[in-house]
Amino acid sequence: MAIDVEQQISARVTRRFRASPERVFDAWLDPKTARKWLFAKAACQIVCAEIDGRVGGWFYIVTRCDGEDVEHVGEYFEVNRPRRLGFKLLVADYAQCFDRVTVDIVPLAHGCELTLTNEPAPNIADQVRRIEACWSDVLDRLAEAIGERSTRAAILEAPAAWQR
């Protein structure tokens, strides 16, 4: 007898921060801070950031790129400050179903480590590498928003021998 087990595909990105777990966690739920980094892109601006950061609460973030608005909507299913945040995410321009995203934050001796896991909607599951790259950029912008240098800036400023 064969058992059909559906394998869950997920994108995963890990990043270390010098900031405390509380500061990193709070940046996800504070609309004023999130407006600086969450779903931001270099050539775009965030025109709306509404966040109700509680279980069952929603977020609504709109970015404007080349005159077109892109809506990011979601609902929080887990809010455990400062360790874990879970939410469903829909970007209708890219998917027809909600992705499931979890953010786990582990305290370190100096700062914290954040692991973001995105279980994409079935119709975009083949785009895991692109999703990881997008989240990596988002986490670089988070670092900048809380006063840290992005990974990208650190690499550009590193001695040439480190970049090999």
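Heavy-atom accessible area of Val55 with all protein chains present, probe 1.4 Å, nearest 10 Å²?
90
Shape verdict for the range 84-125, please, from the Cα gyration tensor: rounded (a/c under 1.5), prolate (a/b greater than b/c) or oblate. Let's see the in-between values first.
Working: a/c = 3.79, a/b = 3.37, b/c = 1.13.
The shape class here is prolate.
So what are the three principal axis dimensions of the range 1-87 from its Cα atoms, in whole Å, longest to shortest?
If we take the Cα atoms of the range 1-87, the spans are 55, 34, 27 Å.
For Val55 and Arg130, calculate 0.36 nm times their separation in residues minus their Cα-Cα distance, and state this gained length in nm to one decimal. Each step should come with its number before you reach the end.
Numbers: separation 75, 0.36 × 75 = 27.00 nm, distance 2.84 nm.
Taking Val55 through Arg130 to full extension adds about 24.2 nm, to one decimal.
Using a 1.4 Å probe, how large is the accessible area of Glu75, given in Å² and rounded to the nearest 10?
Around 50 Å² of this residue is reachable by solvent.
Roughly how big is the range 1-84's charge dipole about its Cα centre, with Cβ charges of +1 (Lys, Arg) and -1 (Asp, Glu), in debye to the nearest 20? Working shown, then result.
Details: 14 positive and 13 negative charges, 154 e Å.
With Lys and Arg at +1 and Asp and Glu at -1, about 740 debye.
What's the extension gain from Asp93 to Cys48 if we count 0.36 nm per residue and subtract their Cα-Cα distance?
On the way: separation 45, 0.36 × 45 = 16.20 nm, distance 1.68 nm.
Gain on extension, Asp93 to Cys48, equals 14.5 nm.
For the range 12-153, what are Rg and Dmax over the alpha carbons, in angstrom?
Answer for the range 12-153, Rg first and Dmax second: 14.2, 44 Å.
Rounded to the nearest 20 Debye, what is the dipole magnitude of the range 79-132 about its Cα centre when Lys and Arg each give +1 and Asp and Glu each give -1 at the C-beta? Don't skip to the answer; put the middle values down first.
Numbers: 7 positive and 7 negative charges, 45 e Å.
Computed about the Cα centre, the dipole is about 220 debye.
The values are calculated or read from the model by the stated rules, or taken from the named source; none is laboratory data. Since the structure is predicted, the reported quantities are computational estimates derived from the model, not experimental observations. Glycine gets a Cβ as well: all are built from the backbone with ideal geometry, and neighbour counts include every protein chain shown. Remember, those area values only see protein heavy atoms, side chains included, never the ligands or the DNA or RNA. Shrake-Rupley method; radii C 1.70, N 1.55, O 1.52, S 1.80 Å.
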